[in-house]
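Colleague: Mind having a look at this structure? Questions to follow.
Readers should treat all values here as calculations from the given coordinates under stated rules, not as data from a laboratory. A quick note: this is a predicted structure, and the numbers were derived from the prediction, not measured. Quick reminder, even Gly has a Cβ in these numbers, built from the backbone with ideal geometry, and neighbours come from all protein chains shown.
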Amino acid sequence: MAFLTAAQIEQVDDRKYEDVDVEEWGGTVRVVGLSGTDRDAYEAAFVDAKGKPAAQRLRNVRAKLLVKCLVDESFERLFTDDKAKALGEKNGAVVDRLFDVARRLSGIGQGSVEEGKGDSESDPSDSSTSG
């Protein structure tokens, strides 16, 4: 068995992507999985200082992932983070379908978002206003 070197690992482009036809939008979009760093930042954005899910931050969770994962053919992001609200106002079925692809490609478990939503909705003491 040959062991990889750090240089070999660094050179590998291992991020997965999927081109998805979106009939409702009249074309195809490319969805790319998050890098490890981006995934950590995405997940950290939804918890408070105590590590508990923050209800305010879970709003528009699907679009917040999609703005990070929708890219053009050169793998440049289509949206900046501040466009999540606008993207979240698109057809909910489309957003949900694309979210499922982005979540799967990024290795984010389906239950993690739903569990966080359930936990945070039962915590009315969260006073966070970011989101």
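Colleague: Rounded to the nearest Å, what's the spacing between the alpha carbon centres of region 2-22 and region 77-101? Just the number, please.
Modeller: Their Cα centres are 25 Å away from one another.
Colleague: Please arrange I9, I108 by counting, for each residue, the other beta carbons lying within 10 Å of its beta carbon, fewest first. Show your work: numbers first, answer last.
Modeller: On the way: I9 9, I108 18.
In order of increasing Cβ crowding within 10 Å: I9, I108.
Colleague: Any idea which of L70, A49, A102 is furthest toward the positive side of the dipole for region 16-121, if Lys and Arg beta-carbons carry +1 and Asp and Glu beta-carbons -1?
Modeller: Farthest towards the positive pole: A49.
Colleague: Normalised by the number of residues in region 16-121, what is the relative contact order in percent for Cα pairs under 8 Å and 6+ residues apart?
Modeller: Details: 131 pairs, mean separation 33.0, N = 106.
Once normalised by length, the contact order is 31 percent.
Colleague: Quick one: net charge of V94's neighbours, Cβ under 14 Å, K/R +1, D/E -1? Spell out each step's value before the answer.
Modeller: Numbers: positive: R62, K90, R97; negative: D21, E23, E24, E89, D96, D100.
After counting each charged neighbour, the total is -3.
Colleague: Can you list the residues, at least 5 places off or on another chain, whose amide H is less than 5 Å from the amide H of V47, using H built in the peptide plane?
Modeller: Hits under the 5 Å cutoff: A54.
Colleague: Within region 4-18, list the residues whose amide N lies under 15 Å from a label point set 7 Å along Cα→Cβ of K90.
Modeller: Output list for this probe position: 18.
Colleague: Follow-up. Report the per residue volume, in Å³, of the convex hull enclosing the C-alpha atoms of region 16-121.
Modeller: On the way: hull volume 10.6 nm³, N = 106.
It is 100 Å³ per residue.
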